[in-house]
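Here's the structure, in structure tokens; my notes come after.
The values are calculated or read from the model by the stated rules, or taken from the named source; none is laboratory data. If you're wondering where the values come from, they're calculated on a predicted model, not measured in any experiment. Cβ placement follows ideal geometry from the backbone for every residue including glycine, while neighbour counts extend to all protein chains displayed.
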Amino acid sequence: MQPLENSTLDAARAGSNEAFTTLVLAHEPLLRAHCYRMLGSRADADDALQETLVRAWRHLPSFEARASLRSWLLSIATRVCLDALASRKARSIPSFARAERGSNPHEPPAPPVLDPVWIEPCADAALFDGPIDERESPEASMSRRESVALAFVAALHWLPATQRAALLLHDVVGWQASEVAEVLETSVPAVNSALQRARATIDEQSRPKRARSRDVTDPRAIATIERYVRAWESGDADALAAALCEDATLSMPPVSTWFDGRADIVAFYEGFLLALGMRFRLVPAPSCNGALTLAAYRLQDGAWIADALHVIELDQDGTIATVVVFMGEHAVRATGLARVLNAVE
């Protein structure tokens, strides 16, 4: 530790709330991101972060600084999350659940599943203390985005809690197996075995498997998003078809219904959304989970009311590979956007 940090630590141990806040503030985005990956919910991650800070404050006098403060806090956060997961089910996204095939686009959507079973979106600003910096190297930017991508978080939740923790601490945070073993109160061989099993599961279950594009400034990507917005705003099924890759997927949590392939997505769009005469406006939203994000507002009683958050992954050719539509006003409001658009056309 630097002398300044040592003096701040001494003040915090002596009971200074201000000093404690100074110590932990820079680590909060890292801790929140770790808790989010473990728990799959921004709200749960915030609760776990607060419990982590409470435990850290309580046990600060016993912190001997043999490890870094960052590592000590991550250890506490991991234990908090494991405690929470002992009484909770793993979360998922409909298209990453155990159903191997998508839903029938000619049948009505299933009723919403309101239990806390779905992965929830999280704005990049909450995970990275601000938006992902586009000036980063492509490799660093990709690594940060992939570490919170919905597909990765959903795949993590196929793992038992201890395997999930081991994989995150070792492969994402960068700890040695011995450090992971100490936190999980197990042996290094057990950690290595858990990592092997976890990686095999992630490789098997992560969908889609092909590379993704993160360059939303690519002219092809811009044209794709323009088509997608036009489809929702003008009821243009051809534009939607042109925006999607052939094996695109569409999920709509909290509804368990999901669609596999462009043809089924367009069939559902025409058979239900257009048939019901719904009207939408789509506007840019703060990036969530390292992906392009749009907020959908639906026309209700003469006003555009927040309706859903569209988190979109692009294929390498610039078309849309996955769309997760998080339905409900709360999803939009969680990004800081207004409940009602100012303009009504």
Can you tell me which condition ALA275 does not meet? The list is (1) farther than 18 Å from GLU146 by Cα; (2) of a type in the set (A, V, I, L, M); (3) in contact with a strand residue (DSSP E or B) (Cβ under 9 Å, 6 or more places away or on another chain), and all the others hold. (3)
Take GLU185 and tell me if it is at pLDDT 90 or above and on the phi > 0 side of the Ramachandran plot. yes
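Would you mind stating whether GLU246 is closer than 28 Å to GLY40 by Cβ, in a strand (DSSP E or B) and out of contact with any His (no Cβ under 7 Å at 6 or more places or on another chain)?
Details: closer than 28 Å to GLY40 by Cβ: no; in a strand (DSSP E or B): yes; out of contact with any His (no Cβ under 7 Å at 6 or more places or on another chain): yes.
Taking the combined requirement at face value, the residue does not satisfy it.
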Counting only residues in the range 45-80 that are in contact (Cβ under 8 Å) with a residue 60 or more places away in the chain and in a helix (DSSP H, G or I), the one nearest to ARG145 (Cα to Cα) is identified as ALA45
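Is one or more of the residues making up the range 195-217 in contact with a Gly (Cβ under 6 Å, 6 or more places away or on another chain) and among the polar types (S, T, N, Q)? Give the derivation first.
Step one: of the range 195-217, the residues in contact with a Gly (Cβ under 6 Å, 6 or more places away or on another chain) are none.
Within the range 195-217, none of the residues are in contact with a Gly (Cβ under 6 Å, 6 or more places away or on another chain) and among the polar types (S, T, N, Q).
Looking at ARG227, ARG281, ARG220, which is the one that is of a type in the set (Lys, Arg), part of a strand (DSSP E or B) and outside the structural domain of PRO116 (by TED's automatic domain parsing)? Before you say what the answer is, go through the steps one by one.
Details: ARG227 fails: part of a strand (DSSP E or B); ARG220 fails: part of a strand (DSSP E or B).
Selected residue: ARG281, the only one of ARG227, ARG281, ARG220 that is of a type in the set (Lys, Arg), part of a strand (DSSP E or B) and outside the structural domain of PRO116 (by TED's automatic domain parsing).
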For the range 35-79, enumerate the residues that are surrounded by fewer than 20 Cβ atoms within 10 Å (Cβ to Cβ) and among the charged types (D, E, K, R). ARG42, ASP46, ASP47, GLU51, ARG55, ARG58, GLU64, ARG66, ARG70, ARG79
Of residues in the range 288-318 being modelled with pLDDT under 95 and among the polar types (S, T, N, Q), the one farthest from the chain's Cα centre (by Cα): GLN300
Give just the number: which of (1) within 13 Å of TRP232 (Cα to Cα); (2) buried (at least 19 other Cβ atoms within 10 Å of the Cβ) does SER251 not satisfy? (1)
Name every residue in the range 141-157 that is among the hydrophobic types (A, V, I, L, M, F, W, C) and either farther than 20 Å from PHE326 by Cβ or assigned to a helix (DSSP H, G or I) (or both), in order of residue number. MET142, LEU150, ALA151, PHE152, VAL153, ALA154, ALA155, LEU156
Within the range 259-277, identify whether any single residue is assigned to a strand (DSSP E or B), under 24 Å from ALA33 (Cβ atoms) and not aromatic (Phe, Trp, Tyr), and answer yes or no. no
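Look through the range 262-307, keep the residues that are under 25 Å from THR217 (Cα atoms) and β-branched (Val, Ile, Thr), and return whichever of them is surrounded by the most Cβ atoms within 10 Å (Cβ to Cβ).
Of all residues in the range 262-307, those under 25 Å from THR217 (Cα atoms) come to 262, 280-297.
Within this subset, residues satisfying the condition of being β-branched (Val, Ile, Thr) are 283, 293.
Values: VAL283: 14, THR293: 21.
Ranking the qualifying residues of the range 262-307, first place goes to THR293.
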Cβ pairs under 8 Å, 6+ apart or interchain, first in the range 293-312 and within 16 Å of ALA149 (Cα to Cα), second assigned to a strand (DSSP E or B) and among the small types (Gly, Ala, Ser), ordered by first then second residue, are LEU309/ALA295; LEU309/ALA296; HIS310/ALA295; HIS310/ALA296; VAL311/ALA291; ILE312/ALA291
